[in-house]
1. Would you check which residues across the range 181-190 are free of Cβ contacts under 8 Å to residues at least 24 places away in the same chain and away from the ligand (no atom under 16 Å from the Cβ) and list them?
2. Identify, by number, the condition in (1) open to solvent by less than 50 Å² (accessible area, probe 1.4 Å); (2) over 30 Å from LYS125 (Cα atoms); (3) out of contact with any strand residue (DSSP E or B) (no Cβ under 9 Å at 6 or more places or on another chain); (4) within 14 Å of the ligand (Cβ to nearest atom) that THR55 doesn't meet.
3. Can you name the number of the only condition in (1) touching a residue at least 12 places away in the same chain (Cβ under 8 Å); (2) within 19 Å of ASP174 (Cα to Cα); (3) exposed (fewer than 15 other Cβ atoms within 10 Å of the Cβ) that GLN15 fails?
4. Checking the conditions here, which among LEU62, LEU21 is within 16 Å of the ligand (Cβ to nearest atom) and open to solvent by less than 50 Å² (accessible area, probe 1.4 Å)?
5. Looking at HIS159, HIS178, which is the one that is part of a loop (DSSP other than H, G, I, E, B) and either within 15 Å of the ligand (Cβ to nearest atom) or open to solvent by 20 Å² or more (accessible area, probe 1.4 Å) (or both)?
6. Can you tell which of LYS193, LYS206 is away from the ligand (no atom under 16 Å from the Cβ) and either surrounded by fewer than 18 Cβ atoms within 10 Å (Cβ to Cβ) or not in a helix (DSSP H, G or I) (or both)?
7. Given the criterion on the phi > 0 side of the Ramachandran plot and open to solvent by less than 50 Å² (accessible area, probe 1.4 Å), identify the matching residue among GLY102, GLY75.
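The values are calculated or read from the model by the stated rules, or taken from the named source; none is laboratory data. In this text the structure is predicted, and so the values were computed from the model without any measurement. Glycine gets a Cβ as well: all are built from the backbone with ideal geometry, and neighbour counts include every protein chain shown. All accessible areas refer to the heavy atoms of the entire protein, side chains included, with ligands and DNA or RNA removed. Shrake-Rupley method; radii C 1.70, N 1.55, O 1.52, S 1.80 Å.
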Amino acid sequence: NVIGKMMKEAFENGQYKLPELPYSFDGLEPHIDAATLQIHHDKHHQSYVDGLNKTIQEIADLEGEIDDESAKLYGLERNLSFNAGGHVLHTLFWATMAPKAGGEPTGNIADAINNNFNSFDFFKKYFSKVATTIKGSGWALLTYEPIGDKLIVFAVNDHDKYLGPGAIPLLTVDVWEHAYYLKYQNNREEFVKAWWNLVNWNEVDKAYTWIRRRFKDKEKM
Ligand code: FE
């Protein structure tokens, strides 16, 4: 599956790494234009990967001088969270889109959406509203929360704020301006509407089914 393959590719030889897109730069046209996709993947996502590797190294280098470095440590922790969030969320964002996708979910994820949000229609409206109303830069994020065995949507600010610990990301849309500004300018609503045409529900269903089974199996231990 695409999510598993990309997550695997996103770390190699002890370093985080930019995974290849599973489609060409113009593969998501007309919904996401080639120029935006190329800059977003090659420049923005790459910068979070670089920032993450750099920050991890800088924290390792603090050894021995940690007592005098609390201000520096605070900055490093902020960088770590920001870049780690950026790397994980972008990898998931690419992996859950596909050319000629969209439509309605099927399988276990469809049942779970109906159970948690009453209907796919309401889920779609709710998720769109979350995405379009995030202040500044952020993400709408559908997660699996294993303690309650629930699907929960978070309105994430930047890459990392207002996110519940332990909730596992399943589907996400990037609503930073860099994700849509060239084609949609300030019209985030139009971009989110177009993004639904790219959602690869088959992948989301596979990820949800796999993750949920891991937790359900643990209950029996
Ligand atoms: Fe982005």
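1. Answer for the range 181-190, where residues must be free of Cβ contacts under 8 Å to residues at least 24 places away in the same chain and away from the ligand (no atom under 16 Å from the Cβ): GLN185, ASN186, ASN187, GLU190.
2. (4)
3. GLN15 satisfies all of (1) touching a residue at least 12 places away in the same chain (Cβ under 8 Å); (2) within 19 Å of ASP174 (Cα to Cα); (3) exposed (fewer than 15 other Cβ atoms within 10 Å of the Cβ) except (2).
4. Values: LEU62 fails: within 16 Å of the ligand (Cβ to nearest atom).
None of the others qualify; the one that does is LEU21.
5. Values: HIS178 fails: part of a loop (DSSP other than H, G, I, E, B).
None of the others qualify; the one that does is HIS159.
6. Values: LYS206 fails: either surrounded by fewer than 18 Cβ atoms within 10 Å (Cβ to Cβ) or not in a helix (DSSP H, G or I) (or both).
Answer to the check: LYS193.
7. Details: GLY75 fails: on the phi > 0 side of the Ramachandran plot.
On inspection, the qualifying residue turns out to be GLY102.
Residue by residue, here is whether (1) part of a strand (DSSP E or B); (2) within 26 Å of LEU37 (Cα to Cα); (3) away from the ligand (no atom under 16 Å from the Cβ) holds:
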| residue | (1), (2), (3) |
| --- | --- |
| HIS87 | no, yes, no |
| THR91 | no, yes, no |
| PRO99 | no, yes, yes |
| ASN108 | no, no, yes |
| LYS124 | no, yes, yes |
| SER128 | no, yes, yes |
| LEU163 | no, yes, no |
| LEU170 | yes, yes, yes |
